[in-house]
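Structure first, then comments.
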Amino acid sequence: VPDLCDPSLPPSGVSCSGCGAELQCRDCAAPGFVPADKYRSDALGEAGPQNLVCQRCWQLEHYGRALGLRLPPEQHRQVVTAALRRPLRHGRGPLLLYILDVLELPDPVLPQLSALLAPDVPAAGLLVVGNKVDLLPADRPGYVGRLRERVAAACADAGLRGAPLVDVRLVSAKTGFGLEGLVSRLQRSWRCAGDVYLLGATNSGKSTLFNALLSSDYCKSRAPDIIDRATVSSWPGTTLNLLKFPIINPTCDRIFRRQERLKEEAAKTEDQLSSEEIKHLNQLKKQGYLVGRVGRTFQQKKTSRVIDFDPDMLSYSVDEDPKHPPKQHVQKEEFTYNEVKDARWCFDTPGIIKENCVLNLLTEKEIKLVLPTQAIVPRTFILKPGMVLFLAALGRIDYLEGKNSAWFTVIASNLLPVRISTLSKADALYEKHAGQDLLKVPMGGAERMKEFPALVPQDVTLKGIGTTEAVADIKLSSAGWVAVTARTEEELLLRAYTPQGTALVVREPPLLPYISTIRGARIPGTAAYRTKKPPSVVENLKTTNRR
């Protein structure tokens with residue numbers, strides 16, 4: 001909108017505290033845009049910008065709505081590459097903290113990591129963090145260890161060069177699972193030797209992890225009061241430039257005090273928690289299967305504010321409007337020179353756009369339905385040859401040939417519908433309901449489907465290994481996957497579909513091989529089983545045996 005822009009005003013030289021883009025009012029469609037009036041008063045005013053965010057971050061934070069930006073994927077990659085090729089600081093290269101979405105295995109960006117590094121300035125180490133583990137249900141005891149092995153195998157298959165693999169950790173940046181262990185690992189092995197960069201694909205949870213570390217023992221005690229949290233959204237590419245916080249120096253005294261706090265916390269039972277803590281834990285249990293309690297050992301004591309009380313400002317007659325005191329400018333806290341002169345920093349970088357990903361085809365409303373934000377409840381169906389399974393209008397699996405029925409378990413957002421049809425009726429069902437409520441995504445009716453790519457088939461042949469163990473996952477790009485379980489030695493011929501230009505992956509072995517057993521009774525007259533949701537588990541909390 002022309003009246004919101006003012007091309008005559010110079011760039012501010014100040015970064016948005018939510019995404020890191022430089023604040024400007026010249027171009028509404030460019031990163032860091034702030035409406036001209038606000039830009040003049042806040043970004044260029046006498047007081048200077050105070051926690052100012054760009055219009056895009058404001059919309060994401062308050063309305064969950066993203067503004068369209070002219071930002072090609074290569075620009076995100078250039079920012080990351082330039083950051084990693086900076087001259088050495090403190091005499092050594094940085095530690096790379098690569099954030100991997102476990103639902104996306106095999107990770108499409110991990111093999112590209114070596115190309116981002118400068119050959120003459122190698123990274124000092126690579127620590128891979130498998131995120132969003134809280135969303136996956138337990139298919140059998142010990143499944144977390146199995147998931148970690150799968151992430152480690154993905155690292156080996158990626159052929160990483162230029163940075164030695166330090167460790168593989170599993171966390172949930174959202175529910176806190178594994179975060180205290182990650183902080184301890186970083187402080188024990190990396191200490192404060194150099195800078196740390198958070199890397200990963202879009203929607204891997206980097207900014208959520210950045211915010212979690214900002215509120216943990218990993219950053220300087222005053223940092224949460226000074227540094228704003230990164231903007232978090234399901235919209236790809238939320239972080240547009242580099243955000244950072246200073247890492248605390250883990251001295252022997254601090255390590256000892258932290259370990260004492262962790263021991264004390266681990267000895268507590270749920271009955272010993274405050275009502276506020278219990279309420280927070282119960283909220284997290286609804287969101288994920290694995291929950292952690294993240295605390296702070298080193299906290300800056302707050303100074304109490306002196307309230308300037310003026311009784312004349314509070315008194316008014318019935319004929320007068322109430323008098324409001326003039327708005328006072330609140331000075332933002334800043335780090336002192338001595339606090340940061342030798343600081344090591346933790347940087348959040350822009351997410352690298354995934355190619356051949358279905359999310360690139362979707363609107364922001366559709367992405368909110370596709371990306372799971374709550375614990376995934378597995379949905380199992382028993383299909384005979386000649387039957388078809390639809391995952392919304394984003395994926396389709398035809399059971400073409402086989403001697404007996406087989407089990408198909410859907411692992412996807414609980415908001416995405418699953419529809420069962422027959423081969424003779426499947427095409428008509430798609431033509432009639434794609435873009436409508438029955439299949440839900442995409443949404444927008446016939447007009448939306450005119451521009452949406454057609455579903456493209458790929459034949460898949462599998463051989464069953466037993467009625468309780470899946471032989472493979474058919475991953476329908478980033479929309480989710482279907483675990484296929486069949487009788488031992490039974491051959492199945494399937495035809496799987498995803499939108500043209502998106503990746504279909506047959507994952508062997510499957511991520512959750514025993515997931516078909518997590519189900520209730522068969523629903524009479526249908527191909528579906530009743531769903532069953534496993535209980536949530538809280539780490540670092542002593543369990544009590546209740547009769």
Among the GluC sites (Glu not before Pro) within the range 454-526, which fall in a DSSP loop and have no more than 15 other Cβ atoms within 10 Å of their own Cβ?
489
With the cut-off at 14 Å, report for the range 435-517 the share of all Cα pairs above it, as a whole percent.
67
Collect residues whose amide H, placed 1.01 Å from N in the peptide plane, falls under 5 Å from the amide H of residue 200; neighbours closer than 5 in sequence don't count.
99, 352
Label point distance in nm, residue 189-residue 267, each placed 7 Å from Cα along Cα→Cβ:
3.0
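Taking the Cα centre of the range 360-536 as origin and charging only Cβ (+1 Lys, Arg; -1 Asp, Glu), how large is the dipole, in debye to the nearest 20?
620
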Calculate one ³J(HN,Hα) per residue across the range 510-517 by plugging θ = phi - 60° into the Karplus curve 6.51 cos²θ - 1.76 cosθ + 1.60, and present them in order as whole Hz with x for glycine and proline.
x, 6, 10, x, 9, 5, 5, 7
List the residues, sorted by chain then number, that are 5 or more residues from residue 472 or on another chain and whose placed amide H is less than 5 Å from its amide H.
484
Convert each backbone phi in the range 257-272 into a coupling constant with the Karplus relation 6.51 cos²θ - 1.76 cosθ + 1.60 (shift: θ = phi - 60°), then list the ³J(HN,Hα) values in order as whole Hz, x for Gly and Pro.
4, 5, 4, 5, 5, 5, 4, 5, 5, 5, 7, 6, 9, 4, 5, 8
Spelling it out for residue 248: with amide H atoms placed in the peptide plane at 1.01 Å from N, the residues 5 or more places away or on another chain with amide H under 5 Å from its amide H are 219, 220
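FYI, it's all coordinate maths here, none of it is from the lab. Keep in mind that what you see is a predicted model, and the values were worked out from it rather than measured. Reconstructed Cβ throughout: ideal geometry from the backbone, glycine too, with neighbour counts over all protein chains shown.
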